[in-house]
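Asks: I'd like to ask you about the structure that follows.
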Amino acid sequence: MELTTDIFAQFDRKWALLTAGTEDHFNTMTISWGGLGTIWNKPVATVYVRESRYTHDFMDSNDHFTVSFYPDRYKKELGVLGSRSGRDMDKMKGSGLTAVKAGESVTFKEAEVTLVCRKLFRQRLLPENMPKDVVETLYADNDLHDMYIGEVVDIIR
Ligand SMILES: Cc1cc2nc3c(=O)[nH]c(=O)nc-3n(C[C@H](O)[C@H](O)[C@H](O)COP(=O)(O)O)c2cc1C
């Protein structure tokens with residue numbers, strides 16, 4: 001497994017899709033927060049999902065998820081997947097992306113690279129442990145993020 005990229009640019013500027021579920025029943029959403037690192041001697045990807053996201057349900061009910069990155073020309077598609085909820089509509093329809101199986105989860109044919117992750121850990125990010133300005137700016141509505149850490153079990157190009 002090898003990944004050569006500027007990971008800060010990948011998440012913050014290029015965005016990614018976080019997908020959980022099976023080919024028959026999955027949901028995906030755009031993310032721009034996340035990280036790659038090491039814990040418990042494993043290579044891991046960390047993502048942050050607000051409780052209100054439909055994808056949150058899929059993260060909780062599945063043991064695997066994927067984080068996938070796209071060429072810049074897909075930014076518009078990622079914008080749509082990051083502003084509509086799969087709870088309200090079939091947002092894959094007309095998304096321009098083609099779902100494909102990736103290990104125990106799902107990614108899209110158009111991805112440049114996909115990290116296939118096995119869920120290791122989930123924890124709520126509690127306001128009492130955050131700086132006050134972050135709570136005021138990002139959590140005024142109390143829609144908190146859960147942090148999910150997944151072991152990167154495969155990297156698909
Ligand atoms: C650029 C961008 C980055 C985003 N990053 C995150 C994120 O890291 N975590 C999160 O919970 N929501 C994030 N969102 C919001 C979700 O993608 C958005 O609410 C989406 O519609 C949720 O879809 P769902 O309800 O089908 O899961 C982001 C949206 C955009 C456009």
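Bear in mind these aren't lab numbers, they're just calculated from the coordinates by the rules spelled out. Predicted model, so just to flag it, every value in this text is computed and none were measured. Heads up, the Cβs are rebuilt from the backbone with ideal geometry, glycines too, and the neighbour counts pull from every protein chain shown.
Asks: Based on the alpha-carbon gyration tensor of the range 71-111 and its eigenvalue square roots a ≥ b ≥ c, which shape applies: rounded if a/c is under 1.5, prolate if not and a/b is larger than b/c, or oblate?
Replies: Verdict is oblate for the range 71-111.
Asks: While we're here: Would you calculate the separation in nanometres between label points at Met1 and Glu51, each defined as 7 Å from the Cα along the Cα-to-beta-carbon direction?
Replies: Those two pseudo-labels are separated by 3.1 nm.
Asks: Let me ask something else. As an exercise, take the mean of 1/r over every pair of distinct alpha carbons in the chain, invert it, and state the Kirkwood radius in angstroms.
Replies: 15.8
Asks: How far, in nm, would the chain grow between Val153 and Leu126 when pulled straight, counting 0.36 nm per residue and subtracting the alpha carbon separation? Provide the component values of the computation, followed by the final result.
Replies: Working: separation 27, 0.36 × 27 = 9.72 nm, distance 2.86 nm.
So the chain would gain 6.9 nm between Val153 and Leu126.
Asks: If I take every Cα pair under 8 Å that is 6 or more residues apart in the range 7-156, average their sequence separation and divide by the length, what percent do I get for the relative contact order?
Replies: On the way: 298 pairs, mean separation 42.8, N = 150.
Taking the mean separation of contacting Cα pairs over the length of the range 7-156, I get 29 percent.
Asks: Grab the chain and count how many Lys pairs have their alpha-carbon atoms under 16 Å apart, sequence gap of 8 or more, or different chains.
Replies: Lysine pairs satisfying the spacing and distance rule in the chain number 9.
Asks: Add -39500 (n - 2.57) for each DSSP H run of 4 or more in the chain, then divide by its residues: what number comes out at 222 nm, to the nearest 500 deg cm²/dmol? Mind dumping the intermediate values first?
Replies: Numbers: 3 runs with 22 residues, N = 157.
After summing the helix terms and dividing by the residues of the chain, the value is -3500 deg cm²/dmol.
Asks: If packing is taken as the average number of other Cβ atoms within 10 Å across a peptide's residues, how do 127-140, 34-47 rank, most packed first? Please list the in-between numbers first.
Replies: Working: 127-140: 10.9, 34-47: 15.2.
Per-residue Cβ counts within 10 Å, averaged per peptide and sorted highest first, yield 34-47, 127-140.
Asks: Hey, in the GNM for the chain with a 10 angstrom Cα cutoff, which one of His56, His64, His25 fluctuates hardest?
Replies: Fluctuation is largest for His25.
Asks: So if R0 is 25 Å, what FRET efficiency would Asp90 and Asp60 give, r being the distance between their Cβ atoms, rounded to the nearest 0.05?
Replies: Details: r = 21 Å, r/R0 = 0.85.
Computed FRET efficiency for Asp90 and Asp60 comes out at 0.75.
Asks: Further question: FRET efficiency for Asp143 and Ala9, Cβ-Cβ distance as r, R0 = 22 Å, nearest 0.05?
Replies: Working: r = 27 Å, r/R0 = 1.23.
Efficiency, from the Cβ-Cβ distance: 0.25.
Asks: Between the range 78-157 and the range 1-16, how many Å separate their Cα centres?
Replies: 15
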